[in-house]
Amino acid sequence: MQIGITGLPFSGKTTIFNALTSAQAKTGDFSLGKKEPNRAKIKVPDPRVYDLSKLYNPKKITPAEIEYIDVGGLVKEVKEKASEAEFLAHLRDTDLLLQVVRVFEDPNIPHPEGKVDFKRDITNFEFEMILLDSDQIEKRIKRLEKEIASTKSEQGKREFELLAKCKGFLDKEIPLRDFDFSEDEQKLLRGYSFLSLKPQLVILNIGEDDIKKREILEKEIGQFLKHKKTSVSSVCGKLEMELLQLEEKDREAFMEDLGIERKALDRIIDLSYKLLGLISFFTCNQNEVKAWTIPSGTVALRAAGVVHSDMEKGFIKAEVINYNKLKELGSVQKAKEKGELRLEGKDYVVKDGDVIFFRFNV
Ligand SMILES: Nc1nc2c(ncn2[C@@H]2O[C@H](COP(=O)(O)OP(=O)(O)OP(=O)(O)O)[C@@H](O)[C@H]2O)c(=O)[nH]1
Ligand SMILES: [Mg+2]
C-alpha cells in the first residue's frame, strides 16, 4: 500500500512523515521545487503477526508493509515551475492521499496564505484536486474526439461518455470519489488515477495546546467534510516526532503526561485500512508467518491467488480459523480437536484476522 503525503508548504508534512516512518528527513527546509520526494516503508505494527509467530517459531516473520511518500504540496510556485507533471507522477500510484493541514500556531513559521485557517485550506486543497482532474480529462477528451472520428471505436466512445460524465461532476466542484461507479467504469477509470477519486485522510497538524481539544476539533472537521471516502484525524506532528527519539519506557510516561493515548502511526494505519476497505489475513507455517492485505469482501479463491497463483489455480479448500479463536485455544492442534478449524470452499468470504491454510493441487 502506498500513501502520499501532501498539503501546503510548511504544514508539517515532513515532520509527520518522520513521525510515521521513524525516518530522519530534514524538516523546515522549504521543499518547493525539490525533485525527489521522501520515501520510507514501514512494517504494519499488527500485534497478531507476532502473536502467531509465537505459536510457530517461524524462520521468517513478514508483517504487511506501507510505503509513505512525502510528495510535497502543489502551490502556485510549483505550478509556475511546471512541476505539475512531476507532482502528479509521484501521486499517481498512491492508494490514498494524506492531506496535512496546519492547525498549529507558530509566529516563526510562515503560512503560505498569511494566516492559519484550516477550513479554507481543506476547501482549497479539494478544489485543486478537482482542477487537476478536470485538466487531465479535458486533454484526454480532445484526443478521444479525434480518435473516435477516425476509428469509430466502441471502446473509445464508452470512455468518452464516462469522462464527459466525470467532467460534469467536476464542473459542479464535486470530487469523483463521491460517486459510485460501476465495476466496468471503475476499470476504465483506473488508468487515470484521478486525484479526487482517491480516498483522503485529512490530518490536522495540531499544536501542543490543542491536544486537549483534539476530539472537539476532529468532530467539527468531521462534520465539515462532506465527501465520501474522506476521514479526519489529528496529530501533534512535532511532539510525535520527538516521541520517537525516546526510549520505549520513557515514551509511555511522556505520552500519558501529554494525554496522547495512541501513537499517530497506529491511529493512522487503522483509519487508512478502514478508508480503503482493507482487511488482513494470515498464513502460518514453520517457515514463515505472513500478513496479507486484501479488500474486504474478497473470497477464499481470490485470497489464495494473492498468496500464489498456483494456489488459486489448484484451489481445493481453505482451512480457516480466526486469530481470536486460535489465540483462545492456544494451538492449531487444539482447534482441530475441538472442530474449530473450519473447511471452507472457494466462495467463502474472508474475514479480518482469519488464519488460512490453503489446500491446493497443481
Ligand atoms: N510549533 C510547531 N511547529 C511545527 C509543527 N509541525 C511542524 N512544525 C514546524 O514547521 C516547520 C515546517 O515543518 P515541515 O515538516 O518541514 O513542513 P513541510 O510541510 O514538510 O514543509 P515543506 O516541505 O517545505 O512544504 C518546521 O520548522 C517544523 O519544525 C507543530 O506541530 N508545531
Ligand atoms: Mg517537507
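Values quoted throughout were computed directly from the atomic coordinates according to the rules given, and no laboratory measurement underlies them. Not measured: the values here are computed from a predicted model. Because the Cβ atoms are built from the backbone with ideal geometry, glycine has one as well, and the counts that use them run over all protein chains shown.
For the reader, a short list of remarks on this structure follows.
- Of all beta bridges that DSSP places with both ends in the chain, some 50 percent have antiparallel geometry.
- Taking a sphere under 13 Å around the Cβ of Glu126 and counting the other residues whose Cβ falls inside, with K and R at +1 and D and E at -1, yields a net charge of +3.
- Straight-distance candidates among the lysines for linking to Lys152, with alpha-carbon spacing under 17 Å and chain neighbours fewer than 8 residues away dropped: Lys142.
- Quarter the surface of the alpha carbon convex hull of region 297-360 and you get the mean projected area, 4.0 square nanometres.
- Distance violations [Cα-Cα > 24 Å] among Lys119/Lys172; Lys43/Lys336; Lys290/Lys327: Lys43/Lys336
- Cβ-based charge dipole, the chain, positive-most Cα from Gly73, Ile268, Leu326: Leu326
- When the helices of the chain are scored as -39500 (n - 2.57) per DSSP H run of n ≥ 4 and the total is divided over every residue, the value at 222 nm lands at -13500 deg cm²/dmol.
- Ratio Rg/Rh, restricted to region 160-317 and using Cα atoms, in which Rh is the Kirkwood radius: 1.07
- Across the cross-link table entries Lys198/Lys238; Lys115/Lys219; Lys187/Lys238; Lys167/Lys346, which are compared at the Cα atoms, the separations over 31 Å belong to Lys187/Lys238; Lys167/Lys346.
- Amide hydrogen proximity for Ile279: with H placed 1.01 Å from N in the peptide plane, the residues at 5 or more positions away or on another chain lying under 5 Å are Ile294, Ser296.
- Distant alpha-carbon pairs in the chain (separation over 40 angstrom), percent: 24 percent
- Were the residues from Leu246 through Glu337 laid out at 0.36 nm apart, the gain over their Cα-Cα distance would be 28.2 nm.
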